[in-house]
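Some notes on the structure that comes next.
The values are calculated or read from the model by the stated rules, or taken from the named source; none is laboratory data. A quick note: this is a predicted structure, and the numbers were derived from the prediction, not measured. Every residue, glycine among them, receives a Cβ derived from its backbone with ideal geometry; neighbour counts consider all protein chains shown.
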Amino acid sequence: MSSHTAVPFVGVVFDFDGVLVSTAGVWDRAYDALFAYWGRTLDRHDRRYLATVGFNDLGHALAHLLDRTAPAHELAAQLTNLIASNAGKPITVLPGAHDLVRALHTTCPIAVASNSPTSIVERHLDAAGLARYFAVIVGADQVHRNKPAPDVYRRACSLLGVRAERAVAIEDSDIGVAAARAEGLFTVGIGPSGQLSADATFPTLADPALWSLLGLTHPRLCPDREEEQ
């Protein structure tokens, strides 16, 4: 966009992975660890198949691929634990996430709306030191349809007590942007310019222009600000 005039809003809803934190490769690592535990390997065809399965159906899909080695609910629980722990890898907090979340927390209610299950989102955000700032966390297990359907955004706005048209969604994918836009939120994309179809796009959450859009003063522009410990 050509200017960054502050937009009127009363709530902000963040996507999770790719906006606040990066868990790149965690699903592949979790699948590999799960199949190795049961003495199996996962081929490319089955990996692609699992990528199309909704989380609520993953247990049954895993049971099928593992020849009913264990009950579907047990396999789903194993996978959830592996993903929630990031398969033993550290959580990477993305640039600007801590500062922006803390700043918004003092000005308006904020939420997370994700296609991942709530328990996984909560555990990752807790590990990243971000969970306590969010009034609402909505995962795929709380709604009937995942993004690009608008269900997670509808529920997040409802729980925040704000109208969708008075809220901002921050996303890193066109699927997420489509979900937020379908519910009527103003959409902010995080990524390279021109890559997303959002109302406004910024390279990271640390971009001062994004802060300006949200009516905030970037800490870099506050010379007397003491560094938070």
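Just give me the residues in segment 24-52 being surrounded by 17 or more Cβ atoms within 10 Å (Cβ to Cβ) and closer than 20 Å to GLN195 by Cβ, in sequence order.
none
Scan segment 14-32 for residues that are in a loop (DSSP other than H, G, I, E, B) and out of contact with any Phe, Trp or Tyr (no Cβ under 7 Å at 6 or more places or on another chain) and jot them down.
Here is the first cut: in segment 14-32, the residues in a loop (DSSP other than H, G, I, E, B) are 15-16, 18-20, 23-25.
Across segment 14-32, the qualifying residues are ASP15, PHE16, GLY18, VAL19, THR23, ALA24, GLY25.
Hey, can you tell me all the residues within segment 182-200 that are free of Cβ contacts under 8 Å to residues at least 24 places away in the same chain and within 17 Å of the chain's Cα centre (by Cα)? Break it down into steps so the answer makes sense when it comes.
First, the residues of segment 182-200 that are free of Cβ contacts under 8 Å to residues at least 24 places away in the same chain: 184, 187, 189, 191-195, 197.
Across segment 182-200, the qualifying residues are THR187, GLY189, GLY191.
Could you tell me which residue of segment 53-69 is surrounded by the fewest Cβ atoms within 10 Å (Cβ to Cβ), considering only residues that are within 15 Å of LEU34 (Cβ to Cβ) and not hydrophobic (A, V, I, L, M, F, W, C)? Give the derivation first.
First, the residues of segment 53-69 that are within 15 Å of LEU34 (Cβ to Cβ): 53, 55, 58-69.
Right, trim to not hydrophobic (A, V, I, L, M, F, W, C) and you get 59-60, 64, 67-69.
Details: GLY59: 21, HIS60: 15, HIS64: 13, ASP67: 8, ARG68: 10, THR69: 15.
The selected residue is ASP67.
If you check LEU100, LEU75, LEU82, which single one turns out to be in contact (Cβ under 8 Å) with a residue 40 or more places away in the chain, under 19 Å from PHE16 (Cα atoms), touching a Leu at 6+ places or on another chain (Cβ under 9 Å) and not assigned by TED's automatic domain parsing to the domain that holds ARG132?
Values: LEU100 fails: not assigned by TED's automatic domain parsing to the domain that holds ARG132; LEU75 fails: under 19 Å from PHE16 (Cα atoms).
That would be LEU82, the only listed residue that is in contact (Cβ under 8 Å) with a residue 40 or more places away in the chain, under 19 Å from PHE16 (Cα atoms), touching a Leu at 6+ places or on another chain (Cβ under 9 Å) and not assigned by TED's automatic domain parsing to the domain that holds ARG132.
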